[in-house]
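Written out below as structure tokens is the structure these notes cover.
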Amino acid sequence: MASEPEVIRDKTAMRRWSRSHRSKGKTLAFVPTMGFLHEGHLALVRAAGALADLTVVSVYVNPGQFAPSEDLDAYPADLRGDLHKLADLGVHAVFCPTNLYDYGEGGGRGEVQARRTEGAVGSSGLPVSCLEAAAGDGSGHETWVRVEKLERGLCGMSRPVFFRGVATVVAKLFNIVEPDIAVFGKKDYQQWRIICRMVRDLDFAVKIIGSEIVRESDGLAMSSRNVRLSPEEREKALSIYKSLSKAKYAALHEQSTCQELKSLVVQLVTEAGGIIDYVEIVEQESLIPVEEINRPAVICIAAWFGTVRLIDNMEINP
Ligand SMILES: Nc1ncnc2c1ncn2[C@@H]1O[C@H](COP(=O)(O)OP(=O)(O)OP(=O)(O)O)[C@@H](O)[C@H]1O
Ligand SMILES: CC(C)(CO)[C@@H](O)C(=O)[O-]
Ligand code: BAL
């Protein structure tokens, strides 16, 4: 039986753990997560395990990437279950920080929720996340990492504080864990590209690996949020995978235009009962919208089923 991972809650202790192993010449692979782990996460952990001597997984639901109107308080959690799964995979340390932001976090998600303000823009006119809402607008944390162009489109349109929150917390986690390698899922395609760009632009000494999307046997992309779908919504949500697959086929075999491909996805998901947030076809690296698929592209979607917003994508390599 694999030994239990060390559970580290304090950021100074995490850095100490990492440095003590690195000083002995060990390499470290890191998988940041928000917990409630499923096979998609575990695939990243296995990939990480094959790439370095030691694997660290973080479990942290980051208030800095949720707007007050979003689903921070509804985000599922099961730390005990997560630790069992990670022990089975031989993970060495699990970082569940309680003091990542030294202020404003108080009792965690409950306290953030209790002091939450409405909307995503504070009195200063600047975007406000649940982290700022909890600390009092304008006080506490004020340094944000922004990947300015890549964060604008796709999920950045409807989640205005999301990517600055993700880039900032990942920068903090990299500074604390000091990994050699970090693994991200391509399910969150824009997030993966943003982290690659941040690492390049800010010279983080971390190699970023993008890991393929893991799907349920019927094609639905695994996501912690799937647990919040009713059985009927779960069935309807399959339209995402089905429509992306049809669009990819049409792109490769029927010379359809991007407009036709996007309309096809919108139509199939809407007919199934989903509410479209966006459907876009973009270049794989720059995420710039394309009119024609004559170079590597990716078709990205976000859609609501009931109160659950799901994202998915499919790469198209002509
Ligand atoms: N189905 C999947 N396939 C591959 N990677 C995944 C999958 N689901 C999540 N990941 C990756 O796991 C990491 C942690 O993601 P996170 O904890 O937010 O899980 P999640 O399932 O994406 O949750 P949600 O979408 O509900 O926020 C991210 O790099 C994400 O891309
Ligand atoms: C990368 C991440 C752990 C940052 O909070 C989160 O956005 C996620 O789980 O994808
Ligand atoms: N997987 C991305 C985390 C989020 O949606 O907040």
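Worth pointing out:
- Potential lengthening between Lys26 and Asp218 on full extension [0.36 nm per residue; Cα-Cα distance subtracted]: 65.1 nm
- Mean projection area, nm², convex hull over Cα of the stretch 224-311: 5.7 nm²
- Long pairs among Lys85/Lys242; Lys85/Lys149; Lys26/Lys85, criterion Cα-Cα beyond 26 Å: Lys85/Lys242; Lys85/Lys149
- Given charges at beta-carbon only (K, R positive; D, E negative), |dipole| of the stretch 6-211 in Debye: 680 debye
- Between Ile275 and Ser3, residue separation times 0.36 nm minus the direct Cα-Cα distance comes to 93.4 nm.
- Charge dipole of the chain about the Cα centre (unit charges at C-beta), most positive-ward option of Cys258, Thr33, Ala74: Thr33
- Exposed GluC sites (Glu not before Pro) absent - longest run of the chain, DSSP non-H/G/I/E/B, at most 16 other C-beta within 10 Å: 1-117
- Among beta bridges identified by DSSP and lying wholly in the chain, the antiparallel ones come to about 50 percent.
- Label point at Ser230 placed 7 Å out along Cα→Cβ; residues across the stretch 260-281 whose backbone nitrogen lies under 17 Å: 272-275
We did not get these values from a lab; they are worked out from the coordinates using the rules stated. Predicted model only: the values in this text are computed from it and were never measured. Glycine gets a Cβ as well: all are built from the backbone with ideal geometry, and neighbour counts include every protein chain shown.
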